[in-house]
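Here's the structure we're looking at; comments come further down.
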Amino acid sequence: MNIKTFNIILVITILLVLIIPSSYAVYTTHNERLYEVLDNKMIEEAIACYNKKECITKLITLQELYDKGYLEEQIDPISKEILNPNITIDIEKKVVNR
């Protein structure tokens, strides 16, 4: 193997070592942010429902928000499936329980 071939293989290896982990980090961060936006939207609407005294408890289901007109059917941003209406939102802890 001559020096030119070795240099080409070295450059390709270095690029792969840098590109693969970086791409994975960008992909996972993007997915996490998509879910964070969805969760924040559901939490915000649940708090609005509770503050208007339309939702009685601090543990609210998606179905309650659908029925009271606060949200339309929510779609999972990754799988593009409709979310389970039995998902609960705890407005005290500001957490969506999937």
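Each reported figure results from applying straightforward, stated rules to the coordinates on display, with no laboratory input. Please read all numbers here as calculations on a predicted model, not as lab measurements. Here the Cβ is made from the backbone with ideal geometry for all residues, glycine too, and neighbour counts use every protein chain on show.
Taking a point 7 Å from the Cα of LYS58 along the Cα-to-Cβ direction, the residues of the range 80-98 with backbone N closer than 16 Å to it are 89-97. Note on MET42, MET1: ascending count of other Cβ atoms within 10 Å places them as MET1, MET42, the fewest first. With a simple spin-label model that places each label point 7 Å from the Cα along the Cα-to-Cβ direction, the separation between THR28 and LEU15 comes to 2.5 nm. Recomputing percent of Cα pairs over 17 Å apart from the coordinates shown identifies the correct label among [x] 76; [y] 48; [z] 60 as [z]. Taking the longest Cα principal axis of the chain as reference, the axis of helix 3-51 is set at about 0 degrees. Extension gain, VAL37-ILE3: 0.36 nm per intervening residue step, less the Cα-Cα distance, totals 7.1 nm. Distance between the pseudo-spin-label points of LYS93 and ASN51 (7 Å out from Cα toward the beta carbon): 2.3 nm. Over the C-alpha trace of the range 1-58, radius of gyration and Dmax come out as 24.3, 77 angstrom. Per-residue ellipticity at 222 nm from helix content only, as computed over the chain with -39500 (n - 2.57) for each DSSP H run of at least four residues, stands at -20000 deg cm²/dmol. Projecting the Cα positions of VAL17, ASN51, ILE89 onto the charge dipole of the chain (unit charges on Cβ atoms of Lys, Arg, Asp and Glu, taken about the Cα centre) puts VAL17 furthest along the positive direction.
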